[in-house]
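Structure first, commentary second.
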Amino acid sequence: MDSMGLLNILQICDSLFPVGAFTLSNGLETYVQKDIITSPRGLSEYLGYYLSVLPYNELGAAVLAYGGCDVRRLDEIYTACKAPEEIRSGSKKTVGRFFRVRENMGGDTPRLEKYIRLVKRGECAGHQPIAYGLYMSDVGTDIGQALRVYGYSICSAIVTNCVKLVPLSQLEGQRILSESFGGIEQAADTALTVTMDDIGICGAGSDLRAMEHEQLYSRQYMS
């Protein structure tokens with residue numbers, strides 16, 4: 001992967017990239033409120049679980065989009081697999097912001113632009129991992145390296161959110177994030193083997209916590 005391809009994927013996966021992903025906890029806030037995650041060990045276990053299903057969700061969807069699959073079909077399956085309403089709506093909101101930023105940045109991204117048109121016409125719901133995969137393909141980013149950057153950005157967001165919610169020390173958070181690097185590598189490699197039939201494999205517990213989040217009396221995150 002050339003340096004420009006690396007810089008492109010680093011930019012869109014950066015926590016400062018204005019898509020609002022930092023407002024989403026994807027059910028993590030409920031785990032904390034229910035005292036299921038209360039310590040560094042709890043965060044480490046949660047992160048390990050998330051990495052185990054990441055190839056069949058965000059990373060897998062990005063790989064399939066990158067590889068030229070039927071984007072309409074992938075969008076339909078990915079939407080159906082996101083049972084919690086907050087997760088679906090959060091994904092749509094973040095990808096909508098991603099579209100607006102990309103349209104203002106310029107550059108030749110034909111596959112992504114086609115997906116944007118499909119979403120605007122109501123033919124696709126729109127999801128961030130699919131958009132990321134198309135963008136990775138458009139800018140010529142090596143998919144293996146791109147998945148590692150994308151996986152790292154997801155894990156970093158989880159750790160940052162949990163450190164604030166429990167709360168935990170920043171030092172513990174960085175230690176846990178560092179220990180996840182091997183899991184990120186493995187998740188990225190597994191995602192390269194995923195088929196359309198694999199998309200949506202996940203744990204029911206995470207979906208249930210995300211659904212419960214909709215009814216929390218008070219909350220810091222949108223999901």
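List of remarks:
- Leading residue by the ranking (farthest from I36 (Cα to Cα)) among those in the range 178-207 that are of a type in the set (A, V, I, L, M, F, W, C) and without any contact (Cβ under 8 Å) to a residue 40 or more places away in the chain: F181
- Of the candidates S89, S137, the single residue that is out of contact with any Cys (no Cβ under 8 Å at 6 or more places or on another chain) and within 23 Å of A204 (Cα to Cα) is S89.
- Counting the residues of the range 120-137 that are within 28 Å of Y50 (Cα to Cα) and part of a helix (DSSP H, G or I) gives 10.
- Contact map, the range 109-130: first residue touching a residue at least 40 places away in the same chain (Cβ under 8 Å) and on the phi > 0 side of the Ramachandran plot, second residue basic (K, R) and open to solvent by 60 Å² or more (accessible area, probe 1.4 Å), Cβ cut-off under 9 Å, separation 6 or more or different chains; pairs are G126/K92; G126/K120.
- For the range 173-203, a residue qualifies if it is open to solvent by less than 60 Å² (accessible area, probe 1.4 Å) and part of a helix (DSSP H, G or I), and the qualifying residues are G173, I176, L177, G182, G183, I184, A187, A188, T190, A191, M196, D198.
- Leading residue by the ranking (modelled with the lowest pLDDT) among those in the range 33-87 that are open to solvent by less than 20 Å² (accessible area, probe 1.4 Å), part of a helix (DSSP H, G or I) and more than 22 Å from A188 (Cα to Cα): E86
- Selection of first residues in the range 27-47 that are within 19 Å of L171 (Cα to Cα) and of second residues that are of a type in the set (F, W, Y) and open to solvent by less than 20 Å² (accessible area, probe 1.4 Å), restricted to Cβ pairs under 8 Å at least 6 apart or on distinct chains, gives the following pairs, ordered by first then second residue: I37/Y46.
- Members of the range 11-29 that are in a helix (DSSP H, G or I), under 17 Å from T94 (Cα atoms) and at pLDDT 85 or above: Q11, I12, C13
- Test: residue in the range 123-132 that is at pLDDT 95 or above and either open to solvent by 70 Å² or more (accessible area, probe 1.4 Å) or aromatic (F, W, Y) (or both): yes
- The set of residues in the range 204-222 that are loosely packed, with under 12 Cβ neighbours inside 10 Å and not polar (S, T, N, Q) comprises A204, Y217.
The values are calculated or read from the model by the stated rules, or taken from the named source; none is laboratory data. Being a predicted model, the structure only gives us computed values, none of them experimental. Every residue, glycine among them, receives a Cβ derived from its backbone with ideal geometry; neighbour counts consider all protein chains shown. Each accessible area value is taken on the protein alone, full model and side chains, heavy atoms only, with ligands, DNA and RNA left out. Shrake-Rupley method; radii C 1.70, N 1.55, O 1.52, S 1.80 Å.
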